[in-house]
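Below is one structure, written out as structure tokens; comments come after it.
The values are calculated or read from the model by the stated rules, or taken from the named source; none is laboratory data. None of these values were measured; they are calculated from a predicted model. Backbone-built Cβ (ideal geometry, glycine too); neighbour counts: all protein chains shown.
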């Protein structure tokens, strides 16, 4: 019995830090409507800065002062980020904001390694809370008790801040209707900045307070951000009390889950989140979101199938690409195959995002399922390669059918978070179900058969399948189904009023996208000869998002170009610099701020403008030429 | 006209929100080819009534029958398939498509082709879409992006979309809201002409009394959730209760408003 009480208290202590970070995220979202992916990075920075300060200054004052100063310093960095970056993208679609803050996270991950080195850092114990308290033969660290008290205290302070101060009233008003608050003459810029500063302060404080409990490392940001997403989604975005209740719930699920279901402890939390989202899509304490506002700057340039000339050009490009094996060596061909595979992966997400308006943050799940499908069929059932390539992606289809059914019940940020959670579930299964998946060691020895084994043959195979996938998806875009999908994206109200069952259309699109992603994963397994849980990890999902964005989310097939450029750049960067994440992160931020239309989108807009101006200017031009003569 | 069959019959509709009766015991009928206006001051229950009819709200009690078939509690898309077209107070169209494609989507749905992954939509029902656009006077704009249209044209496009399933009944929620005066008259004349020609029943809500009295065959007046008057425009205009409750209140508000403005 005493053991369970101690386990419960440990859970409560973990909840404190989680609550601090989650409440910060929630407050920022409530006012600015930005889901700050970089929140985990600020948490990590808080821990690193606090580590340095507490090492430098000893004694009780040094330690506690160091913690607070660290949080304040990181909050100052947050203010800088808000003023320089976020102010430029408040009116961008939420997907762009998520990506910009993700780019920031990538940069911070490399920066902390640059400054503090790659090794785990073990911090000091907190002065005054070094010992443990005996509880019926079980030890409870006294620092845990401190954290248990701290959580509710912070909740109380925040409550007073929001209920009893003028600033708090403004924040609550802005959470309900920020445009109205702006119309009443409140300086929105500084309100947003101060809210962001408070949110970041809380995140950094949460990180700083972890140093007596846990080692500081450069991967703690992603771990915490996924947990925090889960907490705010369960509690309800924008609700502080929701963040508290959910932080306790999640921490206790973790604490006891590991005792009861050691194999699926990670899954347990995500299952709870999925259930909450399906029963109460806006979270336990959240409010239903108003319909998403229309994105300004959305294309007014309706999509067209390729003209005969454009088709010829596309075939010419394909022929040139197919000629690569006659001039290039094996390394280039392998890179070429990988790029072709990522073209398939990117266009599958692009289909879901640009045609369906559904930005999945866990698309790698279906890529990975396809890869594992192939690996399991090849290794366990011993099927021939063709059969594996045809059947493997069906695992992606199956996963997409199950998860997609739940995911399409939601939209916007919540859709993104639910897909992310599902991807984490799949990842956990691959990671923990060692007897089938090999866990962290993956499945090795998935090599292509002789006819496809040489780099040039495999390149042709990948290129052919990629071309086929692009063509098929384009046909679907311009099919009646594609129009129904766009109609659902454009106006749910109108599409329902003309007899379209939007959820079923979106579900079908999700399954199509998942199957095509599974096909990419199947090829990838043969290319690498192995599969690992990382084939369905968050970073792969984000790679796909960046490729789509880079190509242009408003285009029909921009992801093809996005995938080629991004993948080539990525492979080149990794070979050139040790700080590829830093460069990549900066690159992502740059695209979002400077080229939100992506490469193809910017090009199309440019051509469109030129065509318009040339067609209207030409009569004037010719008349001028005549007069000149 | 009195011989036309009953298209829509609403029986004893009631809906309340937390003890407040939005609609209480409302019953009426609508015949094919008839244009019926539903009016009343703000908060009278027009929108609730309307949203029950098109399936967005499930009533506490009462029934809605379309050509004898019960539609109560059915989803909007199901009601559409039973032959009800509708337009919204703020026009809802597909802004990233061309005008023709907007209509084609509705025709694709009507033709049961929504899950067709292979055919070319551009060639699907092209002429029929063009015919519907000609009908509402939008034929010349067929290839224009919908997002570039003036609001009055968006409203006409919406009417073409609403007609795509050859509806028996057209529900129009404040069809002329947000339009210039001349556009209002044009749109309502167009609607009335199409309704007469194709024998479509039209039910609309409206705040503009000029539009109501000029185009409605019959008028229903709602106040605080109950039907207080029903009849021809002349009868309703002459009804003392309507004057007192509906038009009278408007004058009071107007006077107050002016006092407030000058103070």
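Whether any residue in region B:38-45 is without any contact (Cβ under 8 Å) to a residue 40 or more places away in the chain and more than 9 Å from every other protein chain (Cβ to nearest Cβ) is what I want to check.
First, pick out the residues of region B:38-45 that are without any contact (Cβ under 8 Å) to a residue 40 or more places away in the chain: B:42.
Now narrow it down to the ones that are more than 9 Å from every other protein chain (Cβ to nearest Cβ): B:42.
Yes; the residues of region B:38-45 include at least one that is without any contact (Cβ under 8 Å) to a residue 40 or more places away in the chain and more than 9 Å from every other protein chain (Cβ to nearest Cβ).
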> Any idea which of A:434, A:446 is away from chain B (no Cβ under 14 Å) and crowded, with 19+ Cβ neighbours inside 10 Å?
Replying inline: A:446
>> Taking the conditions exactly as written (touching a strand residue (DSSP E or B) at 6+ places or on another chain (Cβ under 9 Å), on the phi > 0 side of the Ramachandran plot and free of Cβ contacts under 8 Å to residues at least 40 places away in the same chain), does residue A:442 satisfy them or not?
In response: no
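Of the residues B:140, B:150, B:129, which single one is surrounded by 22 or more Cβ atoms within 10 Å (Cβ to Cβ) and more than 9 Å from chain A (Cβ to nearest Cβ)?
Values: B:140 fails: surrounded by 22 or more Cβ atoms within 10 Å (Cβ to Cβ); B:150 fails: surrounded by 22 or more Cβ atoms within 10 Å (Cβ to Cβ).
So the residue among B:140, B:150, B:129 that is surrounded by 22 or more Cβ atoms within 10 Å (Cβ to Cβ) and more than 9 Å from chain A (Cβ to nearest Cβ) is B:129.
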> Within region A:315-326, is even one residue surrounded by 24 or more Cβ atoms within 10 Å (Cβ to Cβ) and out of contact with any strand residue (DSSP E or B) (no Cβ under 7 Å at 6 or more places or on another chain)?
Replying inline: no
>> Which count do you get for residues in region A:476-506 that are more than 7 Å from chain B (Cβ to nearest Cβ) and out of contact with any helix residue (DSSP H, G or I) (no Cβ under 8 Å at 6 or more places or on another chain)?
In response: 2
> Does residue A:525 qualify as being at the interface with chain B (Cβ under 9 Å from one of its Cβ atoms), buried (at least 24 other Cβ atoms within 10 Å of the Cβ) and on the phi < 0 side of the Ramachandran plot?
Replying inline: no
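Quick grid of which residues meet (1) touching a helix residue (DSSP H, G or I) at 6+ places or on another chain (Cβ under 6 Å); (2) under 27 Å from residue B:8 (Cα atoms); (3) in the same structural domain as residue B:31 (by TED's automatic domain parsing):
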position	(1), (2), (3)
B:132	yes, yes, no
B:138	yes, no, no
B:146	yes, no, no
B:150	no, no, no
B:174	no, yes, yes
>> If I go through region B:81-101 residue by residue, how many of them are more than 19 Å from the chain's Cα centre (by Cα), over 21 Å from residue B:179 (Cα atoms) and at the interface with another protein chain (Cβ under 9 Å from one of its Cβ atoms)?
In response: 4
> Can we say residue B:162 is surrounded by fewer than 24 Cβ atoms within 10 Å (Cβ to Cβ), under 24 Å from residue B:71 (Cβ atoms), under 14 Å from the mean Cα position of the chain (by Cα) and in contact (Cβ under 8 Å) with a residue 12 or more places away in the chain?
Replying inline: no
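Using the structure shown, decide if residue A:390 is farther than 30 Å from residue A:229 by Cβ and without any contact (Cβ under 8 Å) to a residue 60 or more places away in the chain. Spell out how you get there, then give the answer.
Numbers: farther than 30 Å from residue A:229 by Cβ: yes; without any contact (Cβ under 8 Å) to a residue 60 or more places away in the chain: yes.
For residue A:390, the condition - farther than 30 Å from residue A:229 by Cβ and without any contact (Cβ under 8 Å) to a residue 60 or more places away in the chain - is met.
Does residue A:211 count as crowded, with 23+ Cβ neighbours inside 10 Å and in a loop (DSSP other than H, G, I, E, B)? Reasoning before the result, please.
Numbers: crowded, with 23+ Cβ neighbours inside 10 Å: yes; in a loop (DSSP other than H, G, I, E, B): yes.
Yes: the conditions hold for residue A:211.
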> Considering region A:317-363 alone, what residues qualify as being touching a helix residue (DSSP H, G or I) at 6+ places or on another chain (Cβ under 9 Å) and free of Cβ contacts under 8 Å to residues at least 40 places away in the same chain?
Replying inline: A:326, A:328, A:329, A:331, A:332
>> I'd like to check which helices (runs of 4 or more DSSP H) are fully inside region A:115-205 and have at least 1 residues that are assigned by TED's automatic domain parsing to the domain that holds residue A:16, closer than 20 Å to residue A:20 by Cβ and more than 27 Å from the chain's Cα centre (by Cα).
In response: A:142-164, A:166-176
> Picking from A:422, A:483, which residue would you name as being over 26 Å from the mean Cα position of the chain (by Cα), more than 30 Å from residue A:324 (Cα to Cα) and surrounded by 22 or more Cβ atoms within 10 Å (Cβ to Cβ)?
Replying inline: A:483
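Quick check, is residue A:406 in a helix (DSSP H, G or I), touching a helix residue (DSSP H, G or I) at 6+ places or on another chain (Cβ under 7 Å) and farther than 27 Å from residue A:471 by Cβ?
Working: in a helix (DSSP H, G or I): yes; touching a helix residue (DSSP H, G or I) at 6+ places or on another chain (Cβ under 7 Å): yes; farther than 27 Å from residue A:471 by Cβ: yes.
Taking the combined requirement at face value, the residue satisfies it.
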>> Checking residue A:509 against (1) more than 14 Å from chain B (Cβ to nearest Cβ); (2) at pLDDT 95 or above: exactly one of these is not met. Which one?
In response: (1)
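Could you go through region A:342-351 and let me know if any residue there is crowded, with 20+ Cβ neighbours inside 10 Å, within 14 Å of chain B (Cβ to nearest Cβ) and either out of contact with any strand residue (DSSP E or B) (no Cβ under 6 Å at 6 or more places or on another chain) or farther than 15 Å from residue A:527 by Cα (or both).
Of all residues in region A:342-351, those crowded, with 20+ Cβ neighbours inside 10 Å come to A:342-351.
From the residues that got through so far, the ones that are within 14 Å of chain B (Cβ to nearest Cβ) too are A:351.
Then drop every residue that is not either out of contact with any strand residue (DSSP E or B) (no Cβ under 6 Å at 6 or more places or on another chain) or farther than 15 Å from residue A:527 by Cα (or both), which leaves A:351.
Yes, region A:342-351 contains a residue that is crowded, with 20+ Cβ neighbours inside 10 Å, within 14 Å of chain B (Cβ to nearest Cβ) and either out of contact with any strand residue (DSSP E or B) (no Cβ under 6 Å at 6 or more places or on another chain) or farther than 15 Å from residue A:527 by Cα (or both).
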> Which residue, of A:51, A:61, A:57, is more than 30 Å from residue A:189 (Cα to Cα), free of Cβ contacts under 8 Å to residues at least 60 places away in the same chain and in contact with a helix residue (DSSP H, G or I) (Cβ under 8 Å, 6 or more places away or on another chain)?
Replying inline: A:57
> Which condition number in (1) assigned to a helix (DSSP H, G or I); (2) exposed (fewer than 13 other Cβ atoms within 10 Å of the Cβ) is the one that residue A:98 fails?
Replying inline: (2)
> Limited to region B:186-206, what total is found for residues that are surrounded by 15 or more Cβ atoms within 10 Å (Cβ to Cβ) and either touching a helix residue (DSSP H, G or I) at 6+ places or on another chain (Cβ under 8 Å) or closer than 18 Å to residue B:154 by Cβ (or both)?
Replying inline: 14
> When you look at residue B:183, is it surrounded by fewer than 19 Cβ atoms within 10 Å (Cβ to Cβ) and part of a helix (DSSP H, G or I), yes or no?
Replying inline: yes
> So which of B:78, B:105 is within 12 Å of chain A (Cβ to nearest Cβ) and over 30 Å from residue A:473 (Cβ atoms)?
Replying inline: B:78
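It is to be established whether one or more residues within region A:75-84 are assigned to a loop (DSSP other than H, G, I, E, B), touching a residue at least 24 places away in the same chain (Cβ under 8 Å), farther than 15 Å from residue A:220 by Cα and within 21 Å of the chain's Cα centre (by Cα).
Restricting attention to region A:75-84, the residues satisfying the condition of being assigned to a loop (DSSP other than H, G, I, E, B) are none.
Among the residues of region A:75-84, not one is assigned to a loop (DSSP other than H, G, I, E, B), touching a residue at least 24 places away in the same chain (Cβ under 8 Å), farther than 15 Å from residue A:220 by Cα and within 21 Å of the chain's Cα centre (by Cα), which makes the answer no.
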>> Regarding region A:544-555, can at least one residue be identified that is touching a strand residue (DSSP E or B) at 6+ places or on another chain (Cβ under 8 Å), within 14 Å of chain B (Cβ to nearest Cβ) and modelled with pLDDT under 95?
In response: no
